[in-house]
Amino acid sequence: MTTENPPASSPRVALITGANIGIGRVTAVRLAELGFTVFLAGRSAKRTQVVIDEIHALTQTSDRAFYLPLELDDLNSVRACAGLFLARELPLHLLINNAGLAGDKGQTKQGFEMAFGVNHLGHFLLTQLLLDKLKASAPARVVTVASRAHLMAVQGLDWNALDKPTRSLTGTREYGASKLANILFSAHLAKVLAGTGVSSYSLHPGVVDTEVWREVPNWLRPLLRLRGLLTPEQGAQTSLYCALQAPAQESGLYYDKCRIKTPSRVAQDEQLALQLWNQSLQWVEAYR
Ligand SMILES: NC(=O)c1ccc[n+]([C@@H]2O[C@H](COP(=O)([O-])OP(=O)(O)OC[C@H]3O[C@@H](n4cnc5c(N)ncnc54)[C@H](OP(=O)(O)O)[C@@H]3O)[C@@H](O)[C@H]2O)c1
């Protein structure tokens, strides 16, 4: 396992969650190839080491990629992860909130609905803890991988369901709500960060052939395949576009196929975004 600090001369630093596989893996590898020092935050050191080795082989370096332990279903683990990164006293130019699950049911360690807790609340706290570092490293960006699945959450967020076990049979309704939360969070983050040189983007990566569908019941999978799955390489393109190319003045917007896309009406609800922001702050403060 690579644990030492990257060289002080490293120009750009990125932290990517869920980078051991899927869209996150491709994003991390590509950023490292472009010269970023990448921190891969996830729950398996062993599986992440495979990607770290791949990066070092591709870049012919031994100090371009580092592992950070992170379990997004445990707010204490999120705090520990941010603490480990901040202890390195490095800048942070890119935070990519990529990790996610679909169809997993239950509750996080602190009792939040599983999809909401992992996909939104864990990333919300991670971002809060790294905000000062991002501002100090400006220009910097926060990229949050959301989904077209937010369209399922037409009614907005059911506040009473967010701190309870998953109710639906497939977990897809809760997944949609968590991805709506990702878009609302990213949009409000852009407001909070206005004038700081840090911009915020959310995106739909496409329907991509990754492990994210592992909990989806077998009978639903043919429907996914009918929609024509993208490869993880194709699926990482919009994340990379938001990380590297989207204009800073487009901060707060939602992207699909490397272009601005208008999300659902409820995803554009500024009051709901503010309410989610304030409620999320209260929740993470309650579990310090
Ligand atoms: N694939 C699609 O079609 C699609 C469509 C729309 C949006 N997205 C979004 O794209 C993002 C990346 O997903 P993917 O398709 O690349 O799926 P993936 O291959 O399953 O990767 C998901 C990553 O998230 C990590 N993760 C899950 N639960 C976690 C937890 N509790 N703590 C820390 N890490 C956790 C996984 O870690 P482990 O390997 O340890 O489980 C894995 O590294 C997700 O946000 C997903 O919602 C995907």
Item checked: Close pairs (6 angstrom Cβ cut-off, 6 or more residues apart or separate chains): closer than 14 Å to L130 by Cβ in the stretch 71-93, assigned to a loop (DSSP other than H, G, I, E, B) and modelled with pLDDT under 95 anywhere -> R88/N5
Item checked: Filter result (part of a helix (DSSP H, G or I) and under 21 Å from A149 (Cα atoms)) within the stretch 244-269 -> V266, A267, Q268
Check: (1) more than 19 Å from T170 (Cβ to Cβ); (2) not in a helix (DSSP H, G or I): which one isn't true of S77, the others all being true?
Finding: (2)
Notebook entry, point to check: Inside the stretch 222-243, can you point out the residues that are within 9 Å of the ligand (Cβ to nearest atom), in a helix (DSSP H, G or I) and over 17 Å from N20 (Cα atoms)?
Noted result: L224
Next item on the list: List every residue pair whose Cβ atoms sit under 7 Å apart, with the two residues 6 or more apart in sequence or on different chains, where the first one lies in the stretch 102-125 and is touching a residue at least 60 places away in the same chain (Cβ under 8 Å) and under 12 Å from L75 (Cα atoms) and the second, anywhere, is more than 12 Å from the ligand (Cβ to nearest atom) and part of a loop (DSSP other than H, G, I, E, B).
Entry: Q110/Y287; F112/L162; F112/D163
Checklist line | Qualifying residue in the stretch 54-66 (condition: within 29 Å of E113 (Cβ to Cβ), within 16 Å of the ligand (Cβ to nearest atom) and not aromatic (F, W, Y)) | finding: no
Next item on the list: Report whether or not A82 is farther than 29 Å from D209 by Cβ and either within 15 Å of the ligand (Cβ to nearest atom) or among the charged types (D, E, K, R) (or both).
Entry: yes
Notebook entry, point to check: Considering only the stretch 198-221, how many residues are near the ligand (Cβ under 9 Å from one of its atoms) and part of a loop (DSSP other than H, G, I, E, B)?
Noted result: 5
Notebook entry, point to check: Which ones in the stretch 127-150 are surrounded by 21 or more Cβ atoms within 10 Å (Cβ to Cβ) and outside any helix (DSSP H, G or I)?
Noted result: A140, R141, V142, V143, T144, V145, A146, S147
Check: Somewhere in the stretch 122-136, is a residue farther than 20 Å from Y254 by Cβ and among the polar types (S, T, N, Q)?
Finding: yes
Note to self: Here is a list: L220, L224, L229. Which entry is in contact (Cβ under 8 Å) with a residue 40 or more places away in the chain, among the hydrophobic types (A, V, I, L, M, F, W, C) and surrounded by 12 or more Cβ atoms within 10 Å (Cβ to Cβ)?
What the structure shows: L220
Check: Within the stretch 251-272, is there a residue that is of a type in the set (A, V, I, L, M), closer than 17 Å to H123 by Cβ, out of contact with any Gly (no Cβ under 7 Å at 6 or more places or on another chain) and buried (at least 16 other Cβ atoms within 10 Å of the Cβ)?
Finding: yes
Note to self: Return the residues of the stretch 93-114 that are within 17 Å of L70 (Cβ to Cβ) and not in a loop (DSSP other than H, G, I, E, B); say none if nothing qualifies.
What the structure shows: L94, L95, I96, N97, M114
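The values are calculated or read from the model by the stated rules, or taken from the named source; none is laboratory data. Everything quoted here is computed from the prediction, not taken from an experiment. A quick note on method: Cβ atoms are made from the backbone with ideal geometry, for glycine too, and the neighbour counts reach across all protein chains shown.
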